[in-house]
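For reference, the structure discussed in these notes is given below.
The values are calculated or read from the model by the stated rules, or taken from the named source; none is laboratory data. Only a predicted model underlies this, so the values are computations on that prediction, with no experimental measurement involved. All Cβ positions, even for glycine, are placed from backbone atoms using ideal geometry, and neighbour counts span all protein chains on display.
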């Protein structure tokens, strides 16, 4: 009998997209299930109040609740390190491990691992965020040697509203960034309904889609020693290892 695998996922409180998407991906993994713990996140901005939503103490409290379910791995399915700096996620996963004894990863750390794995230095960025948040993400990627060769953003601050963006609009944005010749496109927000578009995007544009809900699951499977390739129908990234 295959081992039972419990994926623990930290979720922004106003997110409605990542839970059903993550659960759908988990059904591809024999005897796997996804379990969720929320902490309050309602807007994405660079104000002190918005940045304070990602204080480690709140995230660690949510992680401890996941630990009660004896999950095998904890993944922060959120992209805050994109504007706060990648070191914030590195510190977070270490603190989760110290606090719970459970290995951890994040959407952004897994995305960055995928970029390094494939030698990707030309990236297209699609988000729902405001201009200042978008620029901070672009700057942080430039600092690690990755050029954002094209980007589109929608200027939305309210986290709940990200999930209201229609997949057809997201597809259009990805078509707009494709002519810049990126080696991959990332839909960089875990409250977008973008992950199911991977096969269509990759077939039409011949560019890998690295959605951050998907990268979280990829990173979690790697962290527990499973081959992400068991996840079928969610894009090329699951075959990367």
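Worth a mention:
- Boolean, residue 6 is out of contact with any helix residue (DSSP H, G or I) (no Cβ under 8 Å at 6 or more places or on another chain) and assigned to a strand (DSSP E or B): yes
- Residues that are more than 15 Å from the chain's Cα centre (by Cα) and surrounded by 19 or more Cβ atoms within 10 Å (Cβ to Cβ), drawn from the stretch 229-240: 231
- Search result, residues across the stretch 35-49 that are more than 16 Å from residue 64 (Cα to Cα) and touching a residue at least 12 places away in the same chain (Cβ under 8 Å): 41, 42, 43, 44, 45, 46
- For the stretch 21-31, a tally of residues being without any contact (Cβ under 8 Å) to a residue 60 or more places away in the chain and in contact with a strand residue (DSSP E or B) (Cβ under 8 Å, 6 or more places away or on another chain) returns 2.
- Per-region count, the stretch 175-207, residues surrounded by fewer than 24 Cβ atoms within 10 Å (Cβ to Cβ) and either in a strand (DSSP E or B) or outside the structural domain of residue 159 (by TED's automatic domain parsing) (or both): 1
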